[in-house]
Every structure is written in structure tokens, then in C-alpha cells.
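The values are calculated or read from the model by the stated rules, or taken from the named source; none is laboratory data. A quick note: this is a predicted structure, and the numbers were derived from the prediction, not measured. A quick note on method: Cβ atoms are made from the backbone with ideal geometry, for glycine too, and the neighbour counts reach across all protein chains shown. Remember, those area values only see protein heavy atoms, side chains included, never the ligands or the DNA or RNA. Shrake-Rupley method; radii C 1.70, N 1.55, O 1.52, S 1.80 Å.
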Amino acid sequence: MQWTGSFIPTLREAPADAEAASHKLLVRGGYIRQLHSGHYSLLPLGLRVHAKVESVVRQGMEEIGAQEFLLPAMHPAWLWQRTDRWDTMGPEMFRLQDRKQADLALAMTHEEAFTQIFCEISSYRSLPQIWYQIQWKFRDEPRPKSGLLRVREFAMKDSYSFDLDDEGLDRSFNAHYEAYSRTFKRLSLDAIAVEASSGAMGGTASVEFVVPSAIGEDDIVRCKECGYAANVERATSKAVSPPAEDTVNTTSDEPIPFPTPGVRTIADLEKFKGGAPAYRQIKTMAMMLDGELTLALLRGDHQLNLQKLSDTTGASDIRPATSEETLQKLGAHPGSLGPVGVTEHPIIADLVLQSQSGLTTGANKDDLHYSQVDMSRDVKVSQWVDLRSVDHGEPCVHCGAPLEMLRCIETGHIFKLGRRYAEAFGATLLDDKGVEQTITMGSYGIGIGRAVAAIAEIHHDERGLTWPTRVAPYEVVITVTNISDRNTMEAAERIYEDLQNAGVEVLIDDRDVRAGVKFADAELIGIPWRITVGRDIAQGEVELIERATGKLEKIPVVNISHYTAGRIASQLKASQTIR
């Protein structure tokens, strides 16, 4: 491809609102342009990279026997109503009506649509099945940002497994785990697999694949000693114990009330005479779960993890109770609430509080607290679960080593869905004994555009992008320093033809601009290899520069095409055969 005939609108300055390096460089390099908030056009260079990422993802799917489909992106409301997700997906789902006032949605994912098709299968002998597509998805993100990292319209590879039993689901899940691990290596992304919450997808287990990056929006917890890793929504740790010298007199056989005028927070009670340190307090959070008031209890120095509360209860609508609601239902405003004597509302308590005594908490009367509270004696707990958020440096639950927290980009997510969707659609088969069985499912996603952005986020320097060869829009750029010199231009054109004949994807910069502009643009767009055809041609040589390392070699012009094609073929083969 000739640069003069290509649309590569490079820019010297990045958009004013761009914070992520990938956002800045993909715009500056002429890969993408924003149409409006959360919606980006892929320009020719961007589409080439996007297509190459798709190809890598397809390879991973084909290696595990997946079959490719293409389903509609617009769905009727009744399809999502079968699983109750029409309501539970919330405002992130784009909804609309057609001219007949029928309710429709732009799909965020395709579990329902694929399950409906699966119902045509009648024999267990057809299992397992793994189906996938690369299709556009729509999500009304409240705050689209960071270019392709958080958008409202994006291409996703979503795949679905169908098995007769849980053992089959385990095999399909593990096959996807291995396929994803290979795929991200082929994309030159050092992805970490972490335990994660299944959220609105439901199911029994899920794993996220994340790439460490300061611009990411996911926080993970990792132990360098034993390898434990989890999203903060799922992570657990050993709680830091109170100081060794801490002793509490627990001789009282009932809670002791004491006045606390003006005390409304954990910190207030720590400073109050006769109060208690945060680790000796019960933090009582009045939460409305799908309209029902529930008390969530934690140690005073711990924070509630809302996703853990949602996963535990299955509630989809979670919010703190208002001051008016707590006054009506519990008799006090927030800041004076506690679990002692509460029997008419569910109480969910964090495991750290189990068997604790000598605690202090609100008495459900403004300006009054209890001391000497014993959890076993004084609090009627409905459910003991892990509710707290993990902090940096806390001991690993497996080996006790300090945990570290990392900011990451989520690049993939795999779920064990179980039978939720199959039950909703009546997806059953007779097994080999003639017994009707509800099939079990998995769901597996990789965002294509997000993968493009993640690669750009990791592979760049101060001069521009440094694409890995496997996903670069072109493998070689030929920079002709002086197009008006006939010998220079003829040598460049011969190299261009020889590389094309060797199957190399090559871009020749034949613009009539200064050499410095060409060098800057080549570095900005990040083509892995640059051949400079300039004054060295008089000595029968050209320059070969590897973009990622900056290594420069002077190669005889008669050898350059064969040598370069061999280097590229070696890189591609190494990427293709990753296991």
C-alpha cells in the first residue's frame, strides 16, 4: 500500500480529554475517530488491527472445536423477560420500540438468544457444543472514557458451551481457560487470571483475565508467594488482628447502654470518652435489598463490599436506606444504628465478627450506644458471610504473605452459568438412561476493541505505538527519504515488490515531505519494522530498524527483502505456535 493513496490522518496533538496513552496514540496515529461519546469509528489502520485481533481470537476458539455463528444484535423484549434480565440489567441496556410499539433491546450479550437456538437439539449424543460469534454489543455506559477501553458500542467475541452435566461444564470451562491463556500470549498481553464475581450473569464461578495497567478500572489482589489472585469484588484475606495488648473486660452478662450525644460515625466513637477503637466497634449498615431493609454488619475498621453483598443475597437493587427509612423501621438515624434486639429484619454479618465479644455498637436510639456486646449472645445473625473489602498488605488467606493490589484492564471473562438459562428456556435432553436432564452452560467473552486498546496501552513509548508484529496494521514501512531521486525511488519500489511477493504486508511512504516528518509518522503509527531507503543506497545499503527495540542494521539492498521477510516469518511463527 502506498502512503499517498491511504487515509492515515496523523496528528501532532492528542485530544484534550484523552488521559490513557492508548486513547491519545490511537487518535494521533489515525486509527480511530470519535463520532460521539462512547462511539468510535475505526479508520483503515484501526480496522486492520481490529481484524488481526479477531483472527487471533478465532484461532483460539477453533483450537477447542468452537463453531462460529452470527446472531442479531437487536432482540425482542420477551427473550430477555424469560430470564428476568429485561428488568435486572438496569439502565445500561439500550431499549427502544419499533413502529408497532413492540419493546426491543440492543443486545449486551447473547445467552438467551443462543439458548433458544440450542433448544432445537434433541439428543445428548450431540453434546458437548461450543458456539461463538464476533458481534457488536451495546452498553449504555454512564461514563464512557479512555477511548476504546470503555465505550457504548463494541465488538465482542462471546462463546457459549452446552453440556449435559457439571463435569462436562468443567471441561468446557477449562478448555476456554487454556484458550484464553494462549490467546492473550499471542496478543503479547501478560494477562493474569483472577477469581471474579459473576454479577448479573449469574452462575457458580467466574474468572477474569486482566492486564496490569495504571489506566485500568479493575483492582485485583495478588499474592506473589503462592499465586492467589482475585478481583476485589471476590478477594478474601486474613483480617489483621487487634493489637496483642488489647484486652476487653467482658464480664457483663448483657449489653450496657451509654449516652453518646452527637456521635454519628466510627471515628466519632473512637474519640468519645468511654467509646472504643474502630476494631472494637460493630459497623451497622442499613441497606435496602430489592426493597427489603437488611442490616449488614462489619468490624468498624472494615469496608462493605457491595458486590459480595449482592452475590450473597442475589439482590439486584441495592442501596443504603435513607435516614427517614431507618428512623421508621429501626427507630434511629444512621450513626446510631445497631443489631442488638433486631429480629424483624435480616442481619448479614461478616465472618470476622463471628464469636467476637466486648464490642460497641449503636442502640437504635439517637445519641445512645451499647458496650459489652457479644455477637453470639446479643445479635440474631441470619447469615455469616465474607462481606468486607480486602486492603493492601493484609495477609493472604492461603499462605499468610502480604497481598498487593494492582490496577488492571479487564480483557476477558469466563463464567460457569449452570442451569439458569436452560431452565428458563426448557433446554432439556434425555440422557443415555432415558432420564430427562436440564443442560448446563458456560459463557465466555473477549472484547476485541478493548484488546486493541490494551495492546496499545502496553506497547508504546514516548514516540508512539510499538505494535507486536502479529497485530500490526502493516509489518514493514519503507521510508523513502528523497522521492525525487530516481535511483532511491527505484530501489524502494523493488524492495516493496519483493516484500509483497514474499507475503509481507508493507506500506511505502512515498509522500513528498521532509524525511523527519516520515520518521516521526512511522514511529507514531508503530509499524514493527522500518526500511529506510536513503543516501546509503549509493553504497548499495539500506537501514533496517526494529521499532520496539530501536536496533538499527545496515543491510545490502540485494538481501534486504529476504532478510526482513525471514525475521517477520520467525516472529509470526513463534506467536502462532504459542501453547
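Condition first: outside any strand (DSSP E or B), among the small types (Gly, Ala, Ser) and surrounded by 16 or more Cβ atoms within 10 Å (Cβ to Cβ). Can you find one or more residues in region 210-223 that meet it?
Yes, region 210-223 contains a residue that is outside any strand (DSSP E or B), among the small types (Gly, Ala, Ser) and surrounded by 16 or more Cβ atoms within 10 Å (Cβ to Cβ).
Identify the residue in region 323-351 that is surrounded by fewer than 19 Cβ atoms within 10 Å (Cβ to Cβ) and in contact with a strand residue (DSSP E or B) (Cβ under 6 Å, 6 or more places away or on another chain) and, among all such residues, is farthest from residue 280 (Cα to Cα).
Selected residue: 329.
Which of the residues spanning region 420-441 are open to solvent by 60 Å² or more (accessible area, probe 1.4 Å) and within 24 Å of the chain's Cα centre (by Cα)?
Across region 420-441, the qualifying residue is only 420.
For region 72-86, how many residues meet the condition of being part of a helix (DSSP H, G or I) and under 16 Å from residue 421 (Cβ atoms)?
Going through region 72-86 one residue at a time, the tally reaches 6.
If we only count strands (runs of 3 or more DSSP E) wholly inside region 356-401, which ones have 2 or more residues that are touching a strand residue (DSSP E or B) at 6+ places or on another chain (Cβ under 7 Å) and over 22 Å from residue 276 (Cα atoms)?
383-385
Quick check: is even one residue across region 39-62 within 19 Å of residue 163 (Cβ to Cβ) and touching a residue at least 60 places away in the same chain (Cβ under 8 Å)?
yes
For residue 107, indicate whether it is among the small types (Gly, Ala, Ser), open to solvent by 30 Å² or more (accessible area, probe 1.4 Å) and in the same structural domain as residue 37 (by TED's automatic domain parsing).
When the stated conditions are applied, residue 107 does not pass them.
Somewhere in region 314-322, is a residue over 31 Å from the mean Cα position of the chain (by Cα), without any contact (Cβ under 8 Å) to a residue 12 or more places away in the chain and open to solvent by 30 Å² or more (accessible area, probe 1.4 Å)?
Looking for residues that are over 31 Å from the mean Cα position of the chain (by Cα), without any contact (Cβ under 8 Å) to a residue 12 or more places away in the chain and open to solvent by 30 Å² or more (accessible area, probe 1.4 Å), one finds at least one in region 314-322, hence yes.
Any residue that is touching a residue at least 24 places away in the same chain (Cβ under 8 Å), of a type outside the set (Lys, Arg), over 30 Å from residue 82 (Cβ atoms) and touching a Lys or Arg at 6+ places or on another chain (Cβ under 7 Å) - is there at least one of those in region 493-502?
no
Considering each residue of region 553-570, count those that are farther than 15 Å from residue 506 by Cβ and surrounded by fewer than 17 Cβ atoms within 10 Å (Cβ to Cβ), and give that number.
Number satisfying all stated conditions: 6.
Residue by residue through region 521-552, note down the ones that are open to solvent by 40 Å² or more (accessible area, probe 1.4 Å) and either touching a residue at least 60 places away in the same chain (Cβ under 8 Å) or in a helix (DSSP H, G or I) (or both).
Those that are open to solvent by 40 Å² or more (accessible area, probe 1.4 Å) and either touching a residue at least 60 places away in the same chain (Cβ under 8 Å) or in a helix (DSSP H, G or I) (or both): 523, 535, 538, 539, 548.
Kindly indicate whether residue 67 is without any contact (Cβ under 8 Å) to a residue 24 or more places away in the chain, farther than 24 Å from residue 480 by Cα, of a type outside the set (Gly, Ala, Ser) and open to solvent by 10 Å² or more (accessible area, probe 1.4 Å).
no
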